[in-house]
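A quick write-up on the structure given underneath.
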Amino acid sequence: MSDPAALLEEASKAISASSDEKSLEALRVQYLGKKGSLTALLKTLGTLPAEERPAAGGRINQAKQEIQQAIESRQRELIEAACNLSSNQKK
């Protein structure tokens, strides 16, 4: 099983570097989509011994929540920047 912490770090860097909403949406699909990286990790939980599943599932879900929050935060930043840009152009 891949490391949720490593995926989180990779996703966080990519999200921070995204320059528009289209690339941000692509990252959302890449990590959280139906065939995304974290979804694939969740599917591997069944291969783990029963005693390891709760902890592994918790780590994956925590990473998923943090990625969702990072995407939402970056999306707000991009929208705000676009609004500021358009209001500055009108002046």
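Each reported figure results from applying straightforward, stated rules to the coordinates on display, with no laboratory input. All values reported here derive from a predicted model rather than from experimental measurement. Positions of Cβ are backbone-derived with ideal geometry, glycine not excepted, and every protein chain shown enters the neighbour counts.
Quick look at the values:
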item	result
Largest to smallest principal axis extent of the C-alpha atoms in the range 4-90, angstrom	61, 19, 15
Virtual spin-label span in nm between Thr47 and Ala82, 7 Å along Cα→Cβ	3.9
Relative contact order computed over the chain (Cα-Cα under 8 Å; 6+ residues apart), in percent	37
Pairs of lysines in the chain (C-alpha under 19 Å apart; 8 or more residues apart or interchain)	9
Extension reserve of the Ala40-Glu10 stretch, reckoned as 0.36 nm per residue once the Cα distance is removed	9.2 nm
Cleavage-rule hits (GluC sites (Glu not before Pro)) in the chain: DSSP loop, at most 12 neighbouring Cβ within 10 angstrom	Glu51, Glu52
Computed [θ] at 222 nm, deg cm²/dmol, the chain (DSSP H ≥ 4; -39,500 (n - 2.57); rounded to nearest 500)	-26500 deg cm²/dmol
In Hz, Karplus ³J(HN,Hα) per residue of the range 79-86 (6.51, -1.76, 1.60; θ = phi - 60°; x = Gly, Pro)	5, 4, 5, 5, 5, 5, 5, 5
Per-residue Cβ neighbour rank within 10 angstrom, fewest leading, Arg74, Arg59	Arg59, Arg74
